[in-house]
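Note sheet for the following structure.
The values are calculated or read from the model by the stated rules, or taken from the named source; none is laboratory data. Since the model is a prediction, treat every value here as computed from it, not as a measurement. Cβ sites come from the backbone with ideal geometry, for glycine too, and all protein chains shown count toward neighbours. To get the accessible areas, we keep the full protein, side chains included, count just its heavy atoms, and leave off ligands, DNA and RNA. Shrake-Rupley method; radii C 1.70, N 1.55, O 1.52, S 1.80 Å.
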Amino acid sequence: GGRAQRKQRQAEESLRPYIGRVKPKLCELLKCRTPVGSWCQVVQENGILIPKCVCPQSCPRQRAPVCSVVGKTYENECWLHKDACRKRRRTGLAHTGPCLPKGKCTEEELGQFPYRLLDWFLLLSRMGESYAPAAPPQSCLSHTQRTQLAQKRFTLLDRNKDGKLSRRDLKKLHYKRMPLEHCATPFFSCDRNRNRKVTLNEWTACLVDRSEAWFYQLM
């Protein structure tokens, strides 16, 4: 927790020049690291409005449902953070509005899924990197670049580094931000020999080959 507290203090320090000047924007500028699960609220101290990371003690009853990244719907964002603080978990907000019901994945969506998933991985791989705003879309990637992208994600997901993705590893993907998330389960049956593990070869065949097949068919 020491590192998180240090980062939290730095974040709060960096906001000092804005204090008392910009009211509504303060919480957009503060990222909450501690206490775990907390969220930012603007509070008044000595007549000055300051942003603070707090664990909600009580929450309003108004209904403004939100969906957390683990796919649970809460009455509003306050309840999400109250629960996160209680469990001492960093539970992010996936989107406003209730979590979408798991629909049935149509043939058409299943065909499109690998392409959309690679797009998502491309976006994730660029997060935190400084890159030109006009980064090339996936359609401009070569087969090799797509394969490298898939391999990089495989390595990140393979927690125990045994060269296979278990169901548990794949569950890390099943967040509600994922495009066409309800197609994930049928898609990840790309485990050819049905041993409930997906090897790197199965993964790249599944993602890259199917993604390209769908794209060329579209063209």
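Worth pointing out:
- Any chance Y131 is among the aromatic types (F, W, Y) and at pLDDT below 80: yes
- Flag for K152 being closer than 30 Å to C59 by Cβ, surrounded by fewer than 17 Cβ atoms within 10 Å (Cβ to Cβ) and at pLDDT 90 or above: no
- Flag for L26 being touching a residue at least 12 places away in the same chain (Cβ under 8 Å), touching a strand residue (DSSP E or B) at 6+ places or on another chain (Cβ under 6 Å) and more than 30 Å from T147 (Cα to Cα): yes
- Of the residues making up segment 59-77, those that are touching a residue at least 24 places away in the same chain (Cβ under 8 Å) and either of a type outside the set (G, A, S) or open to solvent by 60 Å² or more (accessible area, probe 1.4 Å) (or both) are P65, V66, C67, V69, V70, K72, T73, E77.
- Residue match in segment 3-12 (condition: of a type in the set (D, E), surrounded by 11 or more Cβ atoms within 10 Å (Cβ to Cβ) and either modelled with pLDDT of 90 or more or touching a helix residue (DSSP H, G or I) at 6+ places or on another chain (Cβ under 6 Å) (or both)): no
- Number of residues in segment 155-187 that are in contact with a helix residue (DSSP H, G or I) (Cβ under 7 Å, 6 or more places away or on another chain), of a type in the set (D, E) and at pLDDT below 85: the value is 1.
- Top-ranked residue of segment 16-42 - restricted to ones that are open to solvent by less than 70 Å² (accessible area, probe 1.4 Å) and farther than 22 Å from R90 by Cα, ranked as modelled with the lowest pLDDT: V22
- Residues of segment 83-109 classified as modelled with pLDDT under 85 and open to solvent by less than 90 Å² (accessible area, probe 1.4 Å), total: 12
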